[in-house]
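Visitor: Take a look at this one; I'll ask things after.
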Amino acid sequence: MIDNQKLHIIRIFVFGTLCKGARLDYYMGGSTFKGRYYGRGQLMMAENGSVYIDTKDHQAHTFGEVHLVDYDCLQRINHLESKSGEFPKGYDLAMIPVWNVDSYQNFDFNPDQAELCFYYRRRNDPVKIVGGDYVSYRDPILELGDFLRAEKSREYSEEEVMNYMKKIISKIDF
């Protein structure tokens with residue numbers, strides 16, 4: 001029997017204290033480092049000193065790292081980002097396209113070369129529930145857990161995870 005929750009098939013883009021060598025990198029323990037990447041948007045600092053990406057700025061880029069994590073690691077990160085006192089419940093799971101950093105540091109936002117990743121977006125930005133039906137809204141972390149638990153006969157790929165969650169998260173307009 002396969003336990004997809006234990007596989008490192010969940011891509012996450014980190015750009016602050018969770019990066020290698022940063023203050024809270026131990027939360028990434030057990031993850032697989034995939035490389036340096038950049039996302040579209042301006043890196044910003046909030047009043048409380050936490051950082052976030054303003055994704056409305058389509059000309060700027062933010063450097064970070066992509067890690068492959070299992071579901072347990074994602075839950076640890078989710079607790080840190082959205083429930084703990086470290087960052088006062090300030091972030092929600094979302095998705096962002098990212099691009100691998102090349103040695104020339106060309107910042108080409110070509111959608112054909114992007115990889116979709118999870119990241120944590122600032123909660124203070126407005127969130128619209130598309131269609132106006134809160135009853136059909138599901139927490140993305142819980143939805144992902146259910147998805148990973150459902151298949152026991154084969155391993156999911158990174159792409160299957162991201163494509164499935166793209167449908168779930170598309171019901172939320174960031």
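Visitor: Multiply the residue separation of Arg36 and Glu160 by 0.36 nm, subtract the distance between their alpha-carbon atoms, and state the gained length in nm to one decimal. Please report the intermediate quantities before stating the final value.
Guide: Working: separation 124, 0.36 × 124 = 44.64 nm, distance 2.23 nm.
In short, 42.4 nm is gained.
Visitor: Which FRET efficiency value, to the nearest 0.05, is calculated for Met44 and Ser170 with the Förster distance at 35 angstrom and r the Cβ-Cβ distance?
Guide: Working: r = 24 Å, r/R0 = 0.70.
E(calc), rounded to 0.05, equals 0.90.
Visitor: Counting only protein chains, not ligands or nucleic acids, how are Leu144, Leu116 ordered by accessible area (probe 1.4 Å), most first? Kindly include the intermediate steps, with their values, before the conclusion.
Guide: Values: Leu144 0, Leu116 40 Å².
If we order Leu144, Leu116 from most to least accessible, we get Leu116, Leu144.
Visitor: Determine, at each q value in 0.14, 0.16 (inverse angstroms), the log₁₀ of I(q)/I(0) that the Debye formula gives when each Cα of the chain is one equal point scatterer.
Guide: Calculated log10 I(q)/I(0) at the listed q: -0.76, -1.01.
Visitor: Could you tell me the accessible area of Arg40 in Å² (1.4 Å probe, neighbours in place), rounded to the nearest ten?
Guide: 70 Å²
Visitor: Then there is this: Distance in nm between label sites at Lys83 and His58, each 7 Å beyond Cα in the beta-carbon direction?
Guide: Those two pseudo-labels are separated by 3.7 nm.
Visitor: Continuing with the same structure: On a 24 Å Cα-Cα criterion, which of the cross-link pairs Lys34/Lys83; Lys20/Lys83; Lys6/Lys167 come out too long? Please report the intermediate quantities before stating the final value.
Guide: On the way: Lys34/Lys83 26 Å; Lys20/Lys83 22 Å; Lys6/Lys167 22 Å.
Going by Cα-Cα distance, Lys34/Lys83 fall outside the 24 Å limit.
The values are calculated or read from the model by the stated rules, or taken from the named source; none is laboratory data. Just so you know, these numbers come straight off a predicted model, no measurement behind them. In this analysis, Cβ positions are derived from the backbone assuming ideal geometry, glycine residues included, and neighbour counts consider all displayed protein chains. Remember, those area values only see protein heavy atoms, side chains included, never the ligands or the DNA or RNA. Shrake-Rupley method; radii C 1.70, N 1.55, O 1.52, S 1.80 Å.
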